[in-house]
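Presented below is the structure to which this report refers.
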Amino acid sequence: MIALFENIGRYFMLLGKVFSRPEKMGIYYRKIWFEVEALGFNSISLTAIISAFIGAVVALQMAITLESPFIPQFMIGYATREVMVLEFSSTVVALILAGKIGSNIASEIGTMRITEQIDALEIMGVNSASYLILPKIVATVIFFPLLTLFSIFVGIVGGYAIAYLTGIMLPGDYIEGLFYYFEPFSIVYALVKGSVFAFIITSISAYCGYYAKGNSLEVGRASTRAVVSSSVTIMIFDLILTQIMRV
Amino acid sequence: MIRADHISKTFDGRTVLDDISVEFDTGKTNLIIGRSGSGKTVLLKSLVGLHDVDKGNIFFDDVCYTKLNFAERKNIRKDIGMIFQGGALLDSSTVRENVRLPLDLFTEMTEGEKRDRVNFCLERVRLNGADHLYPSELSGGMVKRVAIARAIVLNPRYLFCDEPNSGLDPQTSVVIDNLIHDITKEFNITTIINTHDMNSVMEIGEKIVYIHEGHKWWEGSKDNILEADNRELNEFVFASAMAKRAKSVSR
């Protein structure tokens, strides 16, 4: 328990260093764009594949589950949209990206720590925490909401494709369901969750890597810790945000 | 000049440095030597500010570094260059980007001035032509030379080297030693090298401090280390078969 509070304290102290005034903004802008590519654009294909299949599976499951003459077919499209917007595209995609991006960040920064690259930056007088972590946080917090929107779109298209290809329902009914009782605030809710989860994944993973000690085994452990800790924190904040922003 | 004044450092209750006082001279190649685990790396990292000492003070010329706050230390760090054991080059940056980074962060130079300065430093370590390579594409000796170029790019007043020859063959070690020594003289830098390479000691050791079990055990130069009347130092200096044979032949 004491270790947990110690970690939380050190995490917030690290965030204090991360958000202190950067040395030169120009360098940071360049690094942000680099991170947008490394952490954002490189996650598009994984997000697309998973979202398309989940959208299709959700539509298929809904079609099987809601097979009743008393339930209109357009409810399948409605349910698919709600699942994608409210939970899947923000939370589940975040959990998947916690594995991909979280382990990437923790191992990158952890390796820099054990090979003394972070010490080298500190000796130069660079605020290493800010220089290494801030661009990653800014890049993901900006890009994850876009990735969330993309995931919603691809998931819905996946559902449409399965309806069209298998004939389990009329594509027209599916589209009607997509527009049924649409609450625009649910998109805002998904985007906010995307940003918050991006911050959680990036900052926790960076923290795990930044304080890695020892050898390559420790980098592996830091990477695992990053994925587990950020996944658990995402679930906790999912609950909190759902309660606060009830759609 | 860099001066340590009665510094001590403990880790988890274990004393690693015990009341060490030593002065390192400007324009000289100062060496810290000792067996593995003797505390020499901790001493070097304490001097450079990577470890905070528990007791005592460290002075950079007349400035007491240990009493400075974070922002004031930052100013002194711009005068410090450091060469790490493994080079510590940024893996995701090319040789040119690695050397240029301090200029980007701490100077208002124009692009042309930065290019000229990087070219000068790379030329100084005889690495012109390798500027587009990544650290993973370099040999051990080249990594060390890039690290030297990066360390001197801001014209430092103090240069710290943590085992600059580790992992290098004897010939490349001599090249690196001479390069550091020449740069020290050329720019009148206070250089402190942490090593257990006796070749370096005999080649460039203008001032040598021997650390044994966290204590300063002996202080001198390459001219008097072979005649030193100190059992632990002699065991260290004449540990290798070659050194023992050389000693018996000279007798």
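Which of the numbered conditions does A:N42 fail, given that it passes all the others? Conditions: (1) at pLDDT below 95; (2) under 30 Å from B:N75 (Cα atoms).
Answer for A:N42: the failing condition is (2).
Run A:A163 past the list (1) under 19 Å from A:V57 (Cβ atoms); (2) more than 26 Å from the chain's Cα centre (by Cα); (3) surrounded by fewer than 24 Cβ atoms within 10 Å (Cβ to Cβ) and report the number of the one that doesn't hold.
(3)
Could you please tell me which pairs satisfy a Cβ distance under 7 Å, a separation of 6+ or placement on different chains, a first residue in region A:176-192 that is closer than 20 Å to A:A163 by Cα, and a second residue that is among the hydroxyl-bearing types (S, T, Y)?
Sorted first by the residue in region A:176-192, then by its partner, the pairs are A:G177/A:Y78; A:Y180/A:Y78.
Of the residues in region B:200-244, how many are in a loop (DSSP other than H, G, I, E, B), open to solvent by 40 Å² or more (accessible area, probe 1.4 Å) and touching a helix residue (DSSP H, G or I) at 6+ places or on another chain (Cβ under 9 Å)?
Qualifying residue count, region B:200-244: 6.
Looking at (1) assigned to a helix (DSSP H, G or I); (2) within 15 Å of the chain's Cα centre (by Cα), find the lone condition where B:I193 falls short.
(1)
Can you tell me which of (1) surrounded by 15 or more Cβ atoms within 10 Å (Cβ to Cβ); (2) within 12 Å of another protein chain (Cβ to nearest Cβ) is the one B:A71 doesn't meet?
Of the numbered conditions (1) surrounded by 15 or more Cβ atoms within 10 Å (Cβ to Cβ); (2) within 12 Å of another protein chain (Cβ to nearest Cβ), the odd one out for B:A71 is (1).
Out of (1) polar (S, T, N, Q); (2) open to solvent by 10 Å² or more (accessible area, probe 1.4 Å); (3) under 30 Å from B:R157 (Cβ atoms), the odd one out for A:T111 is which?
(3)
Does A:A120 fit the bill of being crowded, with 24+ Cβ neighbours inside 10 Å, within 14 Å of another protein chain (Cβ to nearest Cβ) and assigned to a helix (DSSP H, G or I)?
Judged against the criteria, A:A120 is a match.
Given the residues B:G34, B:G13, B:G27, which is the only one that is away from chain A (no Cβ under 14 Å) and open to solvent by 60 Å² or more (accessible area, probe 1.4 Å)?
Of B:G34, B:G13, B:G27, the one residue that is away from chain A (no Cβ under 14 Å) and open to solvent by 60 Å² or more (accessible area, probe 1.4 Å) is B:G13.
Answer yes or no as to whether A:I204 is within 25 Å of A:N7 (Cβ to Cβ), assigned to a helix (DSSP H, G or I), open to solvent by 10 Å² or more (accessible area, probe 1.4 Å) and modelled with pLDDT of 95 or more.
Spelling it out, A:I204 is indeed within 25 Å of A:N7 (Cβ to Cβ), assigned to a helix (DSSP H, G or I), open to solvent by 10 Å² or more (accessible area, probe 1.4 Å) and modelled with pLDDT of 95 or more.
Name the residue that is nearest to the other protein chains (Cβ to nearest Cβ), counting only residues in region B:43-68 that are surrounded by 17 or more Cβ atoms within 10 Å (Cβ to Cβ) and touching a His at 6+ places or on another chain (Cβ under 8 Å).
Across region B:43-68, the extreme among qualifying residues is B:K45.
Report yes if A:S130 is within 14 Å of another protein chain (Cβ to nearest Cβ), in contact with a helix residue (DSSP H, G or I) (Cβ under 8 Å, 6 or more places away or on another chain) and hydroxyl-bearing (S, T, Y), otherwise no.
Judged against the criteria, A:S130 is a match.
List pairs: first residue in region B:89-106 and within 11 Å of chain A (Cβ to nearest Cβ), second residue surrounded by fewer than 16 Cβ atoms within 10 Å (Cβ to Cβ) and not aliphatic (A, V, I, L, M) anywhere in the structure, Cβ distance under 6 angstrom, at least six positions apart or on different chains.
If the second residue must be surrounded by fewer than 16 Cβ atoms within 10 Å (Cβ to Cβ) and not aliphatic (A, V, I, L, M), the pairs left are B:L105/A:K24.
In the set A:L97, A:L149, which member is more than 14 Å from every other protein chain (Cβ to nearest Cβ) and open to solvent by 10 Å² or more (accessible area, probe 1.4 Å)?
Result: A:L149 is the single residue among A:L97, A:L149 that is more than 14 Å from every other protein chain (Cβ to nearest Cβ) and open to solvent by 10 Å² or more (accessible area, probe 1.4 Å).
Of the conditions (1) surrounded by fewer than 21 Cβ atoms within 10 Å (Cβ to Cβ); (2) farther than 22 Å from A:M112 by Cα; (3) out of contact with any Phe, Trp or Tyr (no Cβ under 9 Å at 6 or more places or on another chain), B:D79 clears all except one; give me its number.
So the condition that B:D79 fails would be (3).
When the residues of region B:156-166 are filtered to those that are modelled with pLDDT of 90 or more and over 10 Å from the mean Cα position of the chain (by Cα), which remaining residue is nearest to the other protein chains (Cβ to nearest Cβ)?
B:P156
Regarding region B:168-185, can at least one residue be identified that is over 14 Å from the mean Cα position of the chain (by Cα), part of a loop (DSSP other than H, G, I, E, B) and within 14 Å of chain A (Cβ to nearest Cβ)?
Checking region B:168-185: not a single residue is over 14 Å from the mean Cα position of the chain (by Cα), part of a loop (DSSP other than H, G, I, E, B) and within 14 Å of chain A (Cβ to nearest Cβ).
Looking only at region A:16-44, filter to residues that are among the acidic types (D, E) and within 17 Å of A:L121 (Cβ to Cβ); which one of those is least open to solvent (accessible area, probe 1.4 Å)?
Step one: of region A:16-44, the residues among the acidic types (D, E) are A:23, A:35, A:37.
Subsequent filtering for residues that are within 17 Å of A:L121 (Cβ to Cβ) retains A:23, A:35.
On the way: A:E23: 38, A:E35: 7 Å².
The qualifying residue least open to solvent (accessible area, probe 1.4 Å) is A:E35.
Please state which one of A:I101, A:I114, A:I123, A:I133 is over 20 Å from A:G158 (Cα atoms), touching a strand residue (DSSP E or B) at 6+ places or on another chain (Cβ under 9 Å) and β-branched (V, I, T).
Unique residue meeting the criteria: A:I123.
The values are calculated or read from the model by the stated rules, or taken from the named source; none is laboratory data. All values derive from a computational prediction rather than experimental measurement. Don't worry about glycine lacking a Cβ; one is built from the backbone with ideal geometry, like all the others, and counts go over all protein chains shown. Surface accessibility is based on the protein's heavy atoms, side chains included, excluding ligands, DNA and RNA. Shrake-Rupley method; radii C 1.70, N 1.55, O 1.52, S 1.80 Å.
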